[in-house]
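Chemist: My questions will all concern the structure given below.
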Amino acid sequence: MGNFYTIITVTMKCPYIFHAGDEAVKKEKRQVGEKCEVRFGKKEYGGYCYPHAKIMGMLSGEKLEQTRLAREEARQAKKQRRAEADTKAQETMSGPEINLNPRVLEAMGYTNPCYLAEEYALFKTLNQKPTHVNYDEKMAYARWLESPKHLREPRTMAEAAKILGVTEKTLISWSTSPDVIDFMNADIESRSRGLFKLAMYKLGENIDRNDTKSIIDYLKYKEEQDNKRQIKTRSLNLSPEEQKEADDFARSTGERNRGVALKAEKAMVQANVFKSVSEDIEQ
């Protein structure tokens, strides 16, 4: 019954009628004679919403003060929840301090601080996507965000927001946008390629120590690479009929597509044969 009563009180339409002296009328947000009808009227306020209940004298003395304190308490609680959510989001985005071996950081290209102002200036100069809203700001932020925390300049999100001319809430929103995530993933993937040389170096050290598992891992890797090269370089061994089919198809479509499209269409025809050859090799 209590829940039902709450719904009724919250959804009552305020019956207040605006007058010439009301601020909303002066600011031309409302017209004289227009009803308020917001769904925040309460039975204890005579059906009026809180601001209009005050105007109509429905709230006074101790009751007015109690209502004011309750509203202020609710406002502060909401503000606190938002602050905690923002703090949690910032901590999640900032991530833990990275304490990696300097050799690993060097292999990934993390040898110098990421200066957000310089990254931003570079993207604005390149102007890669002028029609994309905030593209330069988002990409500079992504580069700064994917860098280890101790290499970021500036260190705080508040300072980063000032450099990019946005609010901290905007940065929090950008951190989950597809543009920023895709850029960060691509950047990290590019950096991770530098680890291959380091991994092979470490593998070589283990092999030099006669580590059996490392030797087996290397031989397996070597065999896989050799097989891939054989598949790439092996002749397709197309029959004259299959070759003619590919040439005729490529020629007919090339008359419309020209240039690179001719090779693309021919490759598409040959792909099916290439697939069957690859399956034969695996068997």
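Only the coordinates and a few stated rules stand behind these numbers; no lab work does. Predicted model only: the values in this text are computed from it and were never measured. Here Cβ is always computed from backbone atoms with ideal geometry, including for glycine, and neighbour counts include all displayed protein chains.
Chemist: At what distance in nm do the modelled label points of residue 210 and residue 222 sit from each other, each positioned 7 Å from its Cα along Cα→Cβ?
Modeler: For residue 210 paired with residue 222, the spin-label model returns 1.8 nm.
Chemist: Pop the C-beta distance of residue 199 and residue 248 into the FRET formula with R0 = 45 Å and round what comes out to the nearest 0.05.
Modeler: Working: r = 48 Å, r/R0 = 1.06.
Efficiency, rounded to the nearest 0.05: 0.40.
Chemist: Here's another thing I want to ask about it. Which residues' amide hydrogens lie under 5 Å from the amide hydrogen of residue 114, considering only partners 5 or more residues apart or on another chain, with H built in the peptide plane?
Modeler: Placed amide hydrogens put 152, 153 under 5 Å from residue 114.
Chemist: So, one more: So which GluC sites (Glu not before Pro) in the range 97-156 pass both tests, a DSSP loop state and at most 11 other Cβ atoms within 10 Å of the Cβ? Numbers along the way, then the final one.
Modeler: Working: sites: 97, 106, 118, 119, 137, 146; in loops: 97.
Qualifying residues, ordered by number: 97.
Chemist: Set the bar at 30 Å for Cα to Cα. Now go through 138/222; 78/162; 129/169 and name every pair that lies beyond it. Show your work: numbers first, answer last.
Modeler: On the way: 138/222 41 Å; 78/162 26 Å; 129/169 24 Å.
Cα-Cα > 30 Å for 138/222; rest within.
Chemist: Give me the extension gain from residue 230 to residue 159: residue separation times 0.36 nm, minus the current Cα-Cα distance, reported in nm with one decimal. All intermediate terms of the calculation are to be shown ahead of the outcome.
Modeler: Details: separation 71, 0.36 × 71 = 25.56 nm, distance 5.43 nm.
Fully extending the segment from residue 230 to residue 159 adds 20.1 nm.
Chemist: Using 7 Å Cα-to-Cβ label points, what is the residue 44/residue 149 separation (nm, one decimal)?
Modeler: Each label point is offset 7 Å from its Cα along the Cβ direction, giving 4.5 nm.
Chemist: Shifting gears a bit: Multiply the residue gap between residue 181 and residue 28 by 0.36 nm, knock off their C-alpha separation, and tell me the result in nm, one decimal place. Don't skip to the end; give the middle numbers.
Modeler: Numbers: separation 153, 0.36 × 153 = 55.08 nm, distance 4.39 nm.
50.7 nm is the gain from fully extending residue 181 to residue 28.
Chemist: How high is the FRET efficiency between residue 170 and residue 72 when r is their beta carbon distance and R₀ equals 22 Å, given to the nearest 0.05? Don't jump to the answer; show the numbers that get you there.
Modeler: Values: r = 28 Å, r/R0 = 1.28.
With R0 = 22 Å, the Cβ-Cβ based efficiency is 0.20.
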